[in-house]
Amino acid sequence: MNTFYLIVPPHFEELALAELEEKWAIHFPEKTYQVLEKVLGGILIQTELALGCYLNKILKIPTRILLRWQEIKCRDFPTIYQKVLKLNWYEITGHPEIDFKITVHECRLMHTGRIEETFVKAYKDYQKKFPLKKTWEKEGWSTPTVFIRGQQDIFTISLDLSGEALYKRERPLVKHQATLRENFAAGLFYFALKHLDKKDNLFVADPMCGSGTFLWESSNFYRFSKRTYAYEHSPLYKIVQQSAKPRIESTLTSKIVGRDQNSTLIENLKTEWVDLDIPQLWETEDASSPESHPDIDLVLCNPPYDERIKLSMTYSELVVHLKRKYPNALIGVLMSVMKKNHEKAKLNPKTKLSFSNSGIDVEFYLF
Ligand SMILES: C[S@@+](CC[C@H](N)C(=O)[O-])C[C@H]1O[C@@H](n2cnc3c(N)ncnc32)[C@H](O)[C@@H]1O
C-alpha cells in the first residue's frame, strides 16, 4: 500500500472526495482505498501504487497528485546526506536529474538552498554507486519533480505524479481573456449535478460560454483526460500498465449548447470543436434576449465580474433573464462577492459554494 496526497482547490475537498468515491466504484469496484486525512486544500489516501497513479487520468477536481514516498528525520546536513544516499531512488525515478522543491517549517535546518544542494549531491553520488539505465534517454523522459517538506525536523519526500497541473487539459484552443480554470468548472458541474434530479441524457448550456470551459468539463467529467503525466516518465509506468485496468469512459451529457454575445468567439468555437464526438450547438445570443430554451436541463455560467470585462446588468437582472430563458433548467451562476455586495443583491438561491478564483472571492449559486 502507498500513500497519495491529492492537492485540491480549497473548499472543493468534499466534492473531490465524492468524485473519488463515485469514480472508484466505476473503475476499480473490486479494489479498496482509505481516506487518511482531509485538510483545507488536500486529501491523503492510501491505496495500491498503480491505482493512485491512475487517478490522474480519471479525476477532474484535483490540481495535482503526489506519491508520499519517504520520511526522514534530520537535524544536520551530514545526516540528510547519509539518509538520502541510502534511499532506493530507482523505485520512483530513472532520470539522472531531479528537480527538488523544498519547503521548511519549524525545522532546525532552515536554509532551503543548502538542503536542495545536499539532496542533489546525495542523488548524484547514489548514481555513482548504482549506474543508471538509459531508458530515460531512449524514451525521452522529462525531469521529475520531488517535493521535500520539512516540518519539525521530519522531511517528507513526495514524488509529483502529475507533471503539468491537472487542470491543463488537452482541449481545442479558443483564446479568451477570462477562461475559468478547468478544475473549478469541473467541480462546479459536479456540485450542480448533485442538486439535479435528472442524472443522464443531460442538455447543458452556458449562455456566456467564453472559451467553453463549462461545456468542455460537462461533457468530459466521466471521460479519461487525454494527456501525459509525470508518472509515465518513470519506472512506475510499467507497474501501472500491468495492473491498473480501469473501466470504459462514459458521459452523462448528451448535448452541449454554447451562447455568447461575442460572435467571433462563437464562430471560433464552431470551427475548433467540430470534430468532437458530442452533439453541440453554438449561437451568438445576448443573455437578456427574448428567446426561450425549454430543452435545457442545466445552465452553468461565469458572467464577467465587472473587473476586466463588464456585465451590462445586475446579477439580480441576469438571474431573472436566465430563469425566463431556461424555464426547465437548474441554473448555476458564478458571482463575484464584491460585485454582489456592491449591488446589495438579494438572490434567494437553492444553495451556494464559496471559494477564491485567482484571488477574487466568488460564490457559485444554484437557482
Ligand atoms: C468571464 S467570461 C466567461 C469565461 C468562460 N467561462 C471561459 O471559461 O472561457 C464572460 C463571457 O460572458 C460574455 N458576455 C458578457 N455579457 C454578456 C451578455 N449580456 N450576453 C451574453 N454573453 C455575455 C462575454 O463575451 C464573455 O465571453
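Quick rundown of the values:
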| quantity | calculated |
| --- | --- |
| Cα centroid of segment 274-291 to Cα centroid of segment 51-129, whole Å | 48 |
| Considering only the chain, percent of DSSP beta bridges that pair antiparallel, nearest 5 | 65 |
| Burial ranking of peptide ranges 341-351, 138-148 (average Cβ count within 10 Å, highest at the top) | 138-148, 341-351 |
| Surface accessible to a 1.4 Å probe, per residue, for the residues of the chain, Å² | 47 |
| Listed residue (Q127, L202, I296) projecting farthest to the positive dipole end of the chain, Cβ model | Q127 |
| Residue (of I43, F184, P96) at the positive-pole extreme of the chain, dipole from beta-carbon charges | P96 |
| Most to least accessible of S254, S358 (protein chains only, probe 1.4 Å) | S358, S254 |
| Karplus 3J(HN,Hα) series, Hz, for segment 151-160 with 6.51 cos²θ - 1.76 cosθ + 1.60 (x for Gly, Pro) | 9, 6, 6, 9, 9, 8, 10, 10, 8, 6 |
| With every protein chain in place, segment 2-160: carbon and sulfur % of accessible area (1.4 Å) | 51 |
| Whole-Hz couplings from phi, Karplus 6.51/-1.76/1.60, listed for segment 19-24; x for Gly and Pro | 4, 4, 4, 5, 6, 4 |
| Extension gain, M338 back to E272 (0.36 nm per residue minus Cα-Cα distance, nm) | 20.3 nm |
| Highest-first arrangement of 69-79, 117-127, where packing means the average Cβ count within 10 Å | 117-127, 69-79 |
| Fully extended contour minus Cα-Cα distance, from E307 to A25, at 0.36 nm per residue | 97.3 nm |
| Calculated FRET value between K38 and S358, using beta carbons and R₀ = 30 Å, to 0.05 | 0.80 |
| Cα-centred dipole magnitude for the chain, charges only on beta-carbon of K, R (+1) and D, E (-1), debye, nearest 20 | 900 |
| Cα-projected label distance for D286 with R108, points at 7 Å along beta-carbon direction, nm | 7.0 |
| Backbone HN-Hα couplings from phi across segment 108-113 [Karplus 6.51/-1.76/1.60, Hz, Gly and Pro as x] | 5, 8, 10, 7, 5, x |
| For M208, distant residues with modelled amide H under 5 Å away | R259, N302 |
| Helix-derived mean residue ellipticity, 222 nm - over the chain, DSSP H n ≥ 4, -39500 (n - 2.57), to 500 | -9000 deg cm²/dmol |
| 23 Å Cα-Cα threshold exceeded, pairs from K86/K245; K323/K352; K57/K121; K325/K352; K60/K101; K31/K101 | K86/K245; K57/K121; K60/K101; K31/K101 |
| Sites E91 and R223, calculated FRET efficiency, Cβ-Cβ separation with R0 25 Å, nearest 0.05 | 0.20 |
| The chain, Rg to Rh (Cα coordinates; Rh as Kirkwood inverse mean 1/r) | 1.03 |
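The values are calculated or read from the model by the stated rules, or taken from the named source; none is laboratory data. Everything numeric here is computed off the predicted structure, so don't read it as measured data. Ideal geometry is used to build each Cβ from the backbone, glycine not excepted, and the neighbour counts take in all protein chains shown. Surface accessibility is based on the protein's heavy atoms, side chains included, excluding ligands, DNA and RNA. Shrake-Rupley method; radii C 1.70, N 1.55, O 1.52, S 1.80 Å.
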